[in-house]
Structures are given as structure tokens and as C-alpha cells.
1. Out of segment 36-82, which residues are in contact with a Leu (Cβ under 9 Å, 6 or more places away or on another chain), more than 23 Å from Thr124 (Cβ to Cβ) and part of a strand (DSSP E or B)?
2. Of all residues in segment 1-38, count the ones that are in contact with a helix residue (DSSP H, G or I) (Cβ under 9 Å, 6 or more places away or on another chain) and aromatic (Phe, Trp, Tyr).
3. Can you find even one residue in segment 127-141 that is within 14 Å of His49 (Cα to Cα) and touching a residue at least 60 places away in the same chain (Cβ under 8 Å)?
4. Can you go through Asp159, Asp95, Asp85, Asp121 and tell me which one is assigned to a helix (DSSP H, G or I), among the acidic types (Asp, Glu) and free of Cβ contacts under 8 Å to residues at least 60 places away in the same chain?
5. Please work out which residue is nearest to the chain's Cα centre (by Cα), limiting yourself to segment 15-47 and to residues that are charged (D, E, K, R) and farther than 24 Å from Val105 by Cβ.
6. Hey, among the residues in segment 16-35 that are among the small types (Gly, Ala, Ser), outside any strand (DSSP E or B) and surrounded by 11 or more Cβ atoms within 10 Å (Cβ to Cβ), which one's modelled with the lowest pLDDT?
7. Would you mind telling me which numbered condition in (1) farther than 19 Å from Pro13 by Cβ; (2) touching a residue at least 60 places away in the same chain (Cβ under 8 Å) Thr47 fails?
Amino acid sequence: MGSFPDATVVGSPEVTGYVVEEHGIDEDAVVGMGLGGTVECGDAFVTMHRADHTNGVGAGFETPSAGMPAGYVISDTKPTQVADDESTTFYHAGDTGLMSEMKDVIGPYLEPDAAAVPVGDHFTMGPMQAAVAVDWLDVEYAFPMHYDTFPPIEIDPEDFVREVKATGSDTEVHVLEGDESVDL
């Protein structure tokens, strides 16, 4: 499994089946799940949530479906309706557009402390809509992603930083370079 031999692949049954069949990942190293579900994965709880975008795997015109598009909320405690100020929760939004579930469900009920949001525009949110998402999620930390990998999504990430400030949010934006990391 490359650089992460002990990793567990969590995803839709279509994605987990694909990685087993096409990439030789051991069936014991995958967990298929559906939207809204939460699975325990070692010391973490992974909740799959809807994302708004296309969703295929592979290349060419015969791209198989990867199931419903998804983002993931990862926490060190199981999500409950009782707020838990002691837990640390991270939301990876996936390749999504802005959606009201960020304000109505993910922010208030799954309570992420940090979020990685796509900012590249063209195929996902751009800096302005991603800043609105960060404001709606009410996170302490935001990480721009899915930009500058090919011409249609080349942007200046500082545009996202400015847009987050324009919302009046206190969110701290971290534009990571290369292999940088941030401890939450």
C-alpha cells in the first residue's frame, strides 16, 4: 500500500471495491460505508457526508462510478448531539461546491475544529465561496486545497485568505507548502 502500509481505506463501497480490485489492496484494509454513516477506525471516528460534485474513478471515457460524492469528518470522539469541547475534529470537504449542509448540519452537529476546503474554482468552490463555507462551518483553522495542480484551477491562495477575512471570521488560515504540517 505504498507509503502507508498500515492505513485503512475508508470510502463508498464503489471506491473500496475499486482499490481492492485495481490496486491490490487487501480486503481487510478497506471499510466501505455510506453517506451519513460513522465508522470507528483505530482511534478515530470517520463520518461520511455528502459533497456536491461529479464522482468517477479511473481515466478515459469508460470511467466507473465512485458512488455518491463525499467529504469526511474525522474525530477522536464519536459524534453525538452533546457538544464535546474536548474532542478534535477535522473536516475534509472533498471536491465540493458550497452547500447549505455546511451551515445547517456539518458545522453545528459534527462541530469541526478545522476544515480543508477546495479553493481552485472552475471544478469546485473558488476562494469566495470557500470562505463562506469556512464561515458557515465556524472552524478555528482552515486549509485551502485543490488548487494549482493544472491550469484551470491555478489561483493565488492569498485570495482565499483575504476572502476569509472579509467574512469577519476569526478562522486562522494555513496555506501549507509541500510537506508542511500543523498540529491541532
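The values are calculated or read from the model by the stated rules, or taken from the named source; none is laboratory data. Note that this is a predicted model, so its numbers are computed, not measured. We place every Cβ from the backbone using ideal geometry, glycine too, and count neighbours over all the protein chains shown.
1. Ser75
2. 0
3. Taking every residue of segment 127-141 in turn, none turns out to be within 14 Å of His49 (Cα to Cα) and touching a residue at least 60 places away in the same chain (Cβ under 8 Å).
4. Asp159
5. Asp43
6. Gly17
7. Answer for Thr47: the failing condition is (1).
Residue-by-condition table, conditions (1) at pLDDT 95 or above; (2) surrounded by fewer than 20 Cβ atoms within 10 Å (Cβ to Cβ); (3) assigned to a strand (DSSP E or B); (4) charged (D, E, K, R):
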residue: Lys103; (1), (2), (3), (4): yes, yes, no, yes
residue: Gly107; (1), (2), (3), (4): yes, no, no, no
residue: Pro112; (1), (2), (3), (4): yes, no, no, no
residue: Ala116; (1), (2), (3), (4): yes, no, yes, no
residue: Pro144; (1), (2), (3), (4): yes, no, yes, no
residue: Tyr147; (1), (2), (3), (4): yes, no, no, no
residue: Ile155; (1), (2), (3), (4): yes, yes, no, no
residue: Val164; (1), (2), (3), (4): yes, no, no, no
residue: Val182; (1), (2), (3), (4): no, yes, no, no
